[in-house]
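The values are calculated or read from the model by the stated rules, or taken from the named source; none is laboratory data. Everything numeric here is computed off the predicted structure, so don't read it as measured data. Note that we place each Cβ from the backbone using ideal geometry, even for glycine, and neighbour counts take in every protein chain shown.
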């Protein structure tokens, strides 16, 4: 029995709206990052969940190809949405995400976090959390391009993208965080505040991959 055209159009609509929806989940991840502290995140928290949903949406066709490889029949996408009102919904949603969410709303939200950082500093609190959330939101387009570049295109694209994300965090972000920790340690030393913790944090940031290898060796 052939698959009804309406169901094929719904499947194609899901594929076409995956990337715009990933922009929305990535923006939600930036907000959740500030909610969880900005410089840290909760295990099983909303930031990690939104990042995971972003990866899933970007690798949705590969996930379905893996399902098909297990012997489950999955209808193939038709290439375009044939139903006119579904096609109109797709166009409206894409325009809403690109022209309003990404181009207008996300920069305003980043500006709000910049304002929050200045208010945090004026209140004697650390402005770093709000500043990091603002940077995350302002780089949402570049982050999306980076994630899409990690899509291997095969059946295991989801785990490959997560692995590439881990390598990027460990190899790029952690060394930068270690440098900031050293700067913070120097400032705290000059101001006669606790600084040893920041030095140990910098060492941990630089050796996070080695620590993972050590734990893997201990568990083997």
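Could you list, in sequence order, the residues of region 32-48 that are farther than 16 Å from residue 125 by Cα and either touching a helix residue (DSSP H, G or I) at 6+ places or on another chain (Cβ under 6 Å) or touching a residue at least 60 places away in the same chain (Cβ under 8 Å) (or both)?
Answer for region 32-48, where residues must be farther than 16 Å from residue 125 by Cα and either touching a helix residue (DSSP H, G or I) at 6+ places or on another chain (Cβ under 6 Å) or touching a residue at least 60 places away in the same chain (Cβ under 8 Å) (or both): 32, 33, 41, 46, 47.
Can you name every residue in region 134-163 that is without any contact (Cβ under 8 Å) to a residue 40 or more places away in the chain, surrounded by 17 or more Cβ atoms within 10 Å (Cβ to Cβ) and over 18 Å from residue 18 (Cβ atoms)?
Answer for region 134-163, where residues must be without any contact (Cβ under 8 Å) to a residue 40 or more places away in the chain, surrounded by 17 or more Cβ atoms within 10 Å (Cβ to Cβ) and over 18 Å from residue 18 (Cβ atoms): 134, 138.
Given the conditions (1) closer than 20 Å to residue 36 by Cα; (2) free of Cβ contacts under 8 Å to residues at least 12 places away in the same chain; (3) exposed (fewer than 14 other Cβ atoms within 10 Å of the Cβ), which single one is not true for residue 183?
(1)
Can you say whether residue 148 is in a helix (DSSP H, G or I) and in the same structural domain as residue 21 (by TED's automatic domain parsing), as far as the supplied structure shows?
Details: in a helix (DSSP H, G or I): yes; in the same structural domain as residue 21 (by TED's automatic domain parsing): yes.
Yes; evaluated as a whole, the condition is true for this residue.
Name the one entry in 114, 101 that is surrounded by 14 or more Cβ atoms within 10 Å (Cβ to Cβ) and in contact (Cβ under 8 Å) with a residue 60 or more places away in the chain.
Just one listed residue meets the conditions, 101.
State which residue pairs qualify: first residue more than 16 Å from residue 144 (Cα to Cα) and inside region 3-31, second residue modelled with pLDDT under 90 and in a helix (DSSP H, G or I) in any location, beta carbons under 8 Å apart, and separation of 6 or more residues or different chains.
These pairs meet every condition: 9/86; 10/86; 13/86; 13/89; 13/90; 14/60; 15/60; 15/61.
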